[in-house]
Amino acid sequence: MTFVKLVAATTMVALASLAVPSVAKPVEEKNLVSGKFSFDETKGYIYLHGPGRQNGIFLRLPDEEDKAAYQQEWVEELAKAQEKYAKKLTRWEREVAIVQQTGKNPSAKPIEPTAENFSIGAIELRGQVSFGPMFVFAKDGEGDSRKYAYMEEVEPGDYVYYGPVFANPNGGYFGTCFCMGSVQFSVKPGVVTNIGNFLFAAPDYDSVTTKISDISAQQATSVLTSEAVDMSLPASLQAVATEQADFRASGKMDNYYGVTIDRIPAIDGIIAYERDVVVDLKQPIADNPSPRIPDNPGGAETIEADENLPVETNP
């Protein structure tokens, strides 16, 4: 597939100023060739390329060790929040006793943090890996045919392509999440997992025009038509351990960043859809389960660990 971006000049200037927070470390070919960079056998690597500058987010799926650590942290932070609440409640009760003598209304009563309403944030976001548009691994070609490659050093594990989403360093996310269906793959330690141009070439974009919000509040339109998948590697990576990504379908995800919601188009032999149901063409799949501990019940107000305790309206 050919990935042709029709983006206003103001959009490209704005994109160049963005830097997405990430747990990954970008790798540049010049540092690899010069010896300033060396591979870490305990880390994994994701290599991809495409026409023009690209950017997007991968989310590392938490494993059992991650979930156990997250649960332990949740228990500890809840205990801290409850301790703070007890002090806040004591101060509030004193305030009530005083204002009752003056006929004034007391301030709002603090809400008690409980297992049902307390949160330390989504565990999925702790494994966010972003790439582009800056920190390019290498560039090849000229003009419209110029190819940009990216390589990120990451923690080994299973990764979902969240979509072409990027973050404004001054706050806010922009782009489109593939929250209604995407693809996932595994990254092994000491290995460069080669994605090539798969994310831009393999999906059936022929009859799809996707609008992606840019940071200038305009719409950048990506028009995609057929072209072959290219999994070629540069000479600088020929002597290292590499492996082509083994993609499979991935189920629905939360819209963590509040961006436009979409799904990756169907891919032959990997992912399809029956209305809004993701179909794994390799094996049956359910929606990615939420590893939050515990699940917040619908309609409950969530208390975040890193924020001041919210208060309930005075009756």
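The values are calculated or read from the model by the stated rules, or taken from the named source; none is laboratory data. Quick caveat: nothing in here was measured; it's all calculated off a predicted structure. With ideal geometry, Cβ positions are generated from the backbone for all residues, glycine too; neighbour counts draw on all protein chains shown. Surface accessibility is based on the protein's heavy atoms, side chains included, excluding ligands, DNA and RNA. Shrake-Rupley method; radii C 1.70, N 1.55, O 1.52, S 1.80 Å.
Tell me, yes or no, whether region 163-178 has at least one residue that is open to solvent by 30 Å² or more (accessible area, probe 1.4 Å) and modelled with pLDDT of 90 or more. There is no residue in region 163-178 that is open to solvent by 30 Å² or more (accessible area, probe 1.4 Å) and modelled with pLDDT of 90 or more. Tell me yes or no: at least one residue of region 264-284 is within 21 Å of residue 56 (Cα to Cα) and exposed (fewer than 14 other Cβ atoms within 10 Å of the Cβ). No, region 264-284 contains no residue that is within 21 Å of residue 56 (Cα to Cα) and exposed (fewer than 14 other Cβ atoms within 10 Å of the Cβ). From 260, 302, 221, 225, grab the single residue that is among the polar types (S, T, N, Q), modelled with pLDDT of 50 or more and farther than 28 Å from residue 187 by Cα. After ruling out the rest, the residue left standing is 302.
Among the residues that make up region 63-85, is at least one of them in a strand (DSSP E or B) and in contact with a strand residue (DSSP E or B) (Cβ under 7 Å, 6 or more places away or on another chain)? No. For region 99-146, how many residues meet the condition of being at pLDDT below 90 and open to solvent by 40 Å² or more (accessible area, probe 1.4 Å)? Final tally of qualifying residues: 13.
Residue-level check: of (1) surrounded by 11 or more Cβ atoms within 10 Å (Cβ to Cβ); (2) part of a loop (DSSP other than H, G, I, E, B), residue 92 misses just (2).
Here residue 59 clears all of (1) assigned to a helix (DSSP H, G or I); (2) surrounded by 12 or more Cβ atoms within 10 Å (Cβ to Cβ); (3) at pLDDT 90 or above except the condition numbered (1).
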